[in-house]
Number of protein chains: 2
Amino acid sequence: MAQAESNPGNVYTLESVRKGLVRQEDTIVYGLIDRARFPLNSHTYEENYSKIPGFCGSLVEFVVQNTEAVQAKAGRYQNPEENAFFPEHFPLSIVPSYPFTQILHPGAASININKSIWKKYFDELLPILVASGGDGNYAQTAASDLSLLQAISRRIHYGKFVAEVKFRESPQDYEPLIRAKDREGLMKLLTFESVEEMVRKRVEKKAMVFGQDVGLNGDDEKKVKRKFDPSVASRSYQKWIIPLTKEVQVEYLLRRLD
Amino acid sequence: MAQAESNPGNVYTLESVRKGLVRQEDTIVYGLIDRARFPLNSHTYEENYSKIPGFCGSLVEFVVQNTEAVQAKAGRYQNPEENAFFPEHFPLSIVPSYPFTQILHPGAASININKSIWKKYFDELLPILVASGGDGNYAQTAASDLSLLQAISRRIHYGKFVAEVKFRESPQDYEPLIRAKDREGLMKLLTFESVEEMVRKRVEKKAMVFGQDVGLNGDDEKKVKRKFDPSVASRSYQKWIIPLTKEVQVEYLLRRLD
């Protein structure tokens, strides 16, 4: 039987939240591999490539906005772990509401840094992840972008849950800094260099293991071909995925006593 | 730099088609892992769970139909390697047409066995892949179903290309059987037990490697936790993915001389 990603009963503890983050690394690595199946396919990102009646934007914006709208109707954003890239003009969910555990302070709902994630993804990640050129699979490329963006966004906004469980463990450490609106102090309290180092190393190892070519004879072990450069995963974690997660944590904590 | 899945220039040879099939195994395995993140979430598949105005069907049908429609507009089905699950009432592509290599006989367009794939997926694959229960992530579950269904469908319909390159290699072997409409003879000519055995073993190995839990210390090598049972992948290949691929090949060949 499979091992479910979400914690059964939606119980959030330091332990379960940590496990959630570790499991989400895997999803991000699989997403990187999936996107690297396609070359850059730059037409996907050009404003004027497709003439979409009643729509102003690139093909990836068209696919992401419209797919998010379908998933919103199907209830995706009822889960407080999910944050949309284009939440404006969202259709309402058409499914009965599900009793997701509500442990977050209501201020959490106003935190959505997907605009920053979107920019980092296209400016910093794609250029080092994929081969140049095009193969015409623009819709598939955009769908792959969406899945990967969603996995990264989920990981980064999971910072809300991380911050909440940390706050509950030792409110006395956080309250003075929150009242003083001391961003730097909060950032310092949330930062553990050795843990971040471990995460980066683990992510790179996952990228190596999951991204290898597997064959039946032992040859592939000798001259291993890879689906993408494993350091792309660890560098992305170091440069912006971990920093943005901490930014979400600080934003959340600053609202925690409102 | 990444290794693109599609063959550059869309050249189809026995070698490139074989490589395509091998690479598609990886995508299917990643898709199995992705779906196994969620428990069954049976509400996703119940006709009457969601009350969708103007739509009659389950949530997964709603998500698949509407997401396919978005991707159709974005040009997904211009690529002859892609086949939709709900091609009826499809919106037209709004992107300029791309010069995909057209090596298939025009009869290929009428071959779409996604109805069989859909049934096998829900009746045979899901029950052995995922844990029981529900976690409320129905939209995410349906999106994951769609990605995996698309990967499996692509693999199975790739049989059209396999059949075409095989036919071109030795038309003299195929033509008499095609003219005689000899399905059994064609199936026999296309079947190589030892190759199928190798594919099943390789898929199971991929499921073991890609589905393992990876940590930084050596502990995980000793008591390896897995994201799903690797034999689910090989059994699915044996029971229906390989047979349906051959069915597509036979259907294609039967139209090849029209």
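The values are calculated or read from the model by the stated rules, or taken from the named source; none is laboratory data. What you see is a predicted model; the values in this text were computed from it and never measured. We place every Cβ from the backbone using ideal geometry, glycine too, and count neighbours over all the protein chains shown.
List pairs: first in the range A:192-203 and more than 9 Å from chain B (Cβ to nearest Cβ), second aromatic (Phe, Trp, Tyr), Cβ under 6 Å, 6+ apart or cross-chain? Going by the 6 Å Cβ cut-off, the qualifying pairs are A:ARG200/A:TYR237; A:VAL203/A:TYR237. Which condition breaks for B:ASN217 when tested against (1) over 22 Å from the mean Cα position of the chain (by Cα); (2) crowded, with 18+ Cβ neighbours inside 10 Å; (3) under 28 Å from B:ARG35 (Cα atoms)? Failing condition for B:ASN217: (2). When B:LYS223 is tested against (1) modelled with pLDDT of 95 or more; (2) more than 12 Å from every other protein chain (Cβ to nearest Cβ), just one condition goes unmet, and that condition is (1).
Filtering the range A:226-258 to residues that are among the charged types (D, E, K, R) and modelled with pLDDT under 95 leaves A:ARG226, A:LYS227, A:ASP258. Taking (1) of a type in the set (Gly, Ala, Ser); (2) farther than 29 Å from B:PRO53 by Cβ; (3) crowded, with 18+ Cβ neighbours inside 10 Å in turn, A:SER42 satisfies each apart from (3).
Listed here are the residues, each with its yes/no results for (1) without any contact (Cβ under 8 Å) to a residue 40 or more places away in the chain; (2) part of a loop (DSSP other than H, G, I, E, B); (3) surrounded by fewer than 16 Cβ atoms within 10 Å (Cβ to Cβ).
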| position | (1), (2), (3) |
| --- | --- |
| A:ILE94 | yes, yes, no |
| A:TYR98 | yes, yes, no |
| A:GLN102 | yes, yes, yes |
| A:GLY107 | no, no, no |
| A:LYS115 | yes, no, yes |
| A:TRP118 | yes, no, no |
| A:TYR121 | yes, no, no |
| A:ILE128 | no, no, yes |
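Looking at the range A:142-160, is at least one residue among the basic types (Lys, Arg), in contact (Cβ under 8 Å) with a residue 60 or more places away in the chain and within 14 Å of another protein chain (Cβ to nearest Cβ)? The answer is yes, given that some residue of the range A:142-160 is among the basic types (Lys, Arg), in contact (Cβ under 8 Å) with a residue 60 or more places away in the chain and within 14 Å of another protein chain (Cβ to nearest Cβ).
Tell me, yes or no, whether the range A:85-108 has at least one residue that is under 27 Å from A:PHE38 (Cβ atoms), within 17 Å of the chain's Cα centre (by Cα) and modelled with pLDDT of 95 or more. Checked against the condition, which is being under 27 Å from A:PHE38 (Cβ atoms), within 17 Å of the chain's Cα centre (by Cα) and modelled with pLDDT of 95 or more, the range A:85-108 yields at least one hit. Any residue at all in the range B:49-67 that's more than 9 Å from chain A (Cβ to nearest Cβ), under 29 Å from B:PHE167 (Cβ atoms), in a loop (DSSP other than H, G, I, E, B) and among the hydroxyl-bearing types (Ser, Thr, Tyr)? Scanning the range B:49-67, I find no residue that is more than 9 Å from chain A (Cβ to nearest Cβ), under 29 Å from B:PHE167 (Cβ atoms), in a loop (DSSP other than H, G, I, E, B) and among the hydroxyl-bearing types (Ser, Thr, Tyr), so the answer is no. Scanning the range A:152-166 for residues that are surrounded by fewer than 18 Cβ atoms within 10 Å (Cβ to Cβ), modelled with pLDDT of 95 or more, in contact with a helix residue (DSSP H, G or I) (Cβ under 9 Å, 6 or more places away or on another chain) and assigned to a helix (DSSP H, G or I) turns up at least one hit. Considering the range B:68-83, and only residues there that are at the interface with chain A (Cβ under 10 Å from one of its Cβ atoms) and part of a loop (DSSP other than H, G, I, E, B), the residue that is nearest to B:ASN114 (Cα to Cα) turns out to be B:GLU82.
Here the range B:169-211 is the region considered, the condition is being aromatic (Phe, Trp, Tyr) and part of a helix (DSSP H, G or I), and the residue that is nearest to A:GLN212 (Cα to Cα) is B:PHE210.
Among all residues of the range B:112-131, there is at least one that is at the interface with chain A (Cβ under 7 Å from one of its Cβ atoms), of a type in the set (A, V, I, L, M), within 21 Å of B:GLN238 (Cβ to Cβ) and in contact with a helix residue (DSSP H, G or I) (Cβ under 6 Å, 6 or more places away or on another chain). Quick check: is even one residue across the range B:23-31 at pLDDT below 90, within 8 Å of another protein chain (Cβ to nearest Cβ) and surrounded by fewer than 20 Cβ atoms within 10 Å (Cβ to Cβ)? Within the range B:23-31, none of the residues are at pLDDT below 90, within 8 Å of another protein chain (Cβ to nearest Cβ) and surrounded by fewer than 20 Cβ atoms within 10 Å (Cβ to Cβ). Scan the range B:34-46 and report the pairs whose first residue is free of Cβ contacts under 8 Å to residues at least 12 places away in the same chain and at the interface with chain A (Cβ under 10 Å from one of its Cβ atoms) and whose second residue is aromatic (Phe, Trp, Tyr) and surrounded by fewer than 20 Cβ atoms within 10 Å (Cβ to Cβ), with Cβ atoms within less than 6 Å and a gap of 6+ or a chain change. From the range B:34-46, no pairs qualify.
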